[in-house]
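**Q** Could you have a look at this structure, given as structure tokens, before my questions?
The values are calculated or read from the model by the stated rules, or taken from the named source; none is laboratory data. Note that this is a predicted model, so its numbers are computed, not measured. Here Cβ is always computed from backbone atoms with ideal geometry, including for glycine, and neighbour counts include all displayed protein chains. Heavy atoms of the whole protein, side chains included, go into the accessibility calculation; ligands, DNA and RNA do not. Shrake-Rupley method; radii C 1.70, N 1.55, O 1.52, S 1.80 Å.
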Amino acid sequence: MKVMVIGGGGREHAILKSLKQSPEIDTLYALPGNAGIEASGDAVCVPVGAKDIPGAVAFARENGIGFAVVAPDDPLVLGMVDALEEAGIPCFGPRANAAIIEGSKVFSKSLMKKYGIPTASYEVFRSPESALEYAETCPLPIVVKADGLALGKGVLICETREAAREAIHSIMEEKVFGTSGNAIVMEEFLTGPEVSVLAFTDGVCIKPMVSSMDHKRALDGDRGLNTGGMGTIAPNPYYTAEIAAICRKTIFEPTIRAMQAEGRPFQGCLYFGLMLTPDGPKVIEYNCRFGDPETQVVLPLLKSDLFSVMKAVRFGTLAETDVSFSADCSCCVICASEGYPKHYETGFPLILPSTEAPDAVYVSGAKRSPDGTLITGGGRVVGAVSVRPTLQEAVDAAYRVADAVSFQNKFCRGDIGKRALSCLNSI
Ligand code: AMP
Ligand code: GLY
């Protein structure tokens, strides 16, 4: 079968690498993929943008695509799955009416309130005046969130009233995130370790994957700006079997039932961003897709055939399908362009080490120069990944792979996995 994956980052590279192991797939296409994915030989890259719905439908029709995986948030929220399904192409990924769980924080917060799913308490504002009024009396710190998609940057933690006023001004008046700032959520500041849990669901049955920990800040010690993610480890040692059982009962299953009850059955990968607060696990955010760079550490631990699981999600047979994970640990260290997520330069020659399982490099941002050489092409450039029996070994091995990735302005955090290791050492 011919299968296409929509998207062009490290997450998509990890999905492609995993799908490549399926005996049922003859050819894998990435739309658009990137030059690093193409150079690795893991997919044929096709110059159709990830948000180009008519382009994806036309490509699928003309090339006899039998199954599509829509990975990024924008095309999901824009309805790419709906369009492909209408054209007769079965897809892995939610329809637009379910992707709204990520596409609108006003939607997801009211869903959680209506169905009693634990989350931070909050207020919704649709005008800057009413938000500014609330900012004068709200508890501090206060978390201000743009309603819509904002490249992971729409969340501002405000310690002071002045900072809250500024956040409201930039999101609702200056519209730094465009129409995503037409409404905002202002919510209670929670504390505790964060855990990412990705889960396969066919709308009725939900099978969580191994847990992971993202490192969202740009600099060591969780300092600096929020980024798309500077590295990940799996499993997350804070997420014990006991906590997993609580999350299944109070968060995962209620969410799937709530989406069903709303007439918005969710099929695909549902991402739970959780905070383990002193009052128990609470939802920080839902994403309607695989996380990046969580996928780069979770899929290498999947023992079952990813394509079989994806088909079971689409055809509603997940309950009868095996989804099992190895007991190993994994680590992903992101090699970024210095200055990311603000100003950074690209276009430097990129040299990738040749790796063999259980090591891998997943390319997020690479291009071809006019003379055909591989050059850097983004803020996040490469994810260096290793799988080993212990977390310490996985971290050490991932840093060895990251050291072997070469480009002029390479920047990595030096402490990926450190917090998780100190958690393990304190048990
Ligand atoms: P999000 O884009 O929703 O994942 O938020 C980005 C980051 O902001 C999260 O990973 C948390 O670290 C932080 N955050 C979001 N909401 C809250 C909250 N209510 N309390 C504390 N931190 C938060
Ligand atoms: N790593 C966080 C995300 O994918 O949104």
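**Q** I need the strands (runs of 3 or more DSSP E) fully contained in segment 279-372, keeping only those with at least 1 residues that are open to solvent by 50 Å² or more (accessible area, probe 1.4 Å).
**A** 366-368
**Q** Just one of the numbered conditions (1) touching a residue at least 60 places away in the same chain (Cβ under 8 Å); (2) within 16 Å of ligand 1 (Cβ to nearest atom); (3) on the phi < 0 side of the Ramachandran plot is not true of VAL176; which one?
**A** VAL176 satisfies every listed condition except (1).
**Q** Also, I was wondering about something else. Of all residues in segment 6-24, which are surrounded by fewer than 24 Cβ atoms within 10 Å (Cβ to Cβ) and not in a helix (DSSP H, G or I)?
**A** Those that are surrounded by fewer than 24 Cβ atoms within 10 Å (Cβ to Cβ) and not in a helix (DSSP H, G or I): LYS20, GLN21, SER22, PRO23, GLU24.
**Q** Just checking, does segment 374-381 include any residue being touching a Gly at 6+ places or on another chain (Cβ under 6 Å), modelled with pLDDT of 95 or more, within 30 Å of GLY116 (Cβ to Cβ) and not in a helix (DSSP H, G or I)?
**A** No, that holds for no residue.
**Q** For GLY229, only one of the following conditions fails: (1) more than 16 Å from ligand 2 (Cβ to nearest atom); (2) outside any strand (DSSP E or B). What is its number?
**A** Every listed condition holds for GLY229 apart from (1).
**Q** Just checking, which of ALA164, ALA183 is open to solvent by less than 10 Å² (accessible area, probe 1.4 Å) and away from ligand 1 (no atom under 14 Å from the Cβ)?
**A** The conditions single out ALA183.
**Q** Considering (1) open to solvent by 30 Å² or more (accessible area, probe 1.4 Å); (2) touching a Cys at 6+ places or on another chain (Cβ under 7 Å), say which one VAL70 fails and leave the rest.
**A** It fails just one condition, (1).
**Q** Continuing with the same structure: Only one of (1) open to solvent by 40 Å² or more (accessible area, probe 1.4 Å); (2) closer than 19 Å to ILE284 by Cα; (3) part of a loop (DSSP other than H, G, I, E, B); (4) more than 10 Å from ligand 1 (Cβ to nearest atom) fails for GLY148. Which number is that?
**A** All conditions are met except number (1).
**Q** How many residues are surrounded by 22 or more Cβ atoms within 10 Å (Cβ to Cβ) and within 14 Å of ligand 1 (Cβ to nearest atom) if we restrict to segment 199-223?
**A** So the count comes out to 4.
**Q** Going by the conditions given, is THR240 within 16 Å of ligand 2 (Cβ to nearest atom) and not charged (D, E, K, R)?
**A** When the stated conditions are applied, THR240 does not pass them.
**Q** Of the conditions (1) assigned to a helix (DSSP H, G or I); (2) among the charged types (D, E, K, R); (3) within 14 Å of ligand 1 (Cβ to nearest atom), LYS114 clears all except one; give me its number.
**A** With (1) assigned to a helix (DSSP H, G or I); (2) among the charged types (D, E, K, R); (3) within 14 Å of ligand 1 (Cβ to nearest atom) applied to LYS114, the lone miss is (3).
**Q** Given the criteria open to solvent by 30 Å² or more (accessible area, probe 1.4 Å), within 16 Å of ligand 1 (Cβ to nearest atom), assigned to a loop (DSSP other than H, G, I, E, B) and touching a residue at least 24 places away in the same chain (Cβ under 8 Å), does ARG264 qualify?
**A** No.
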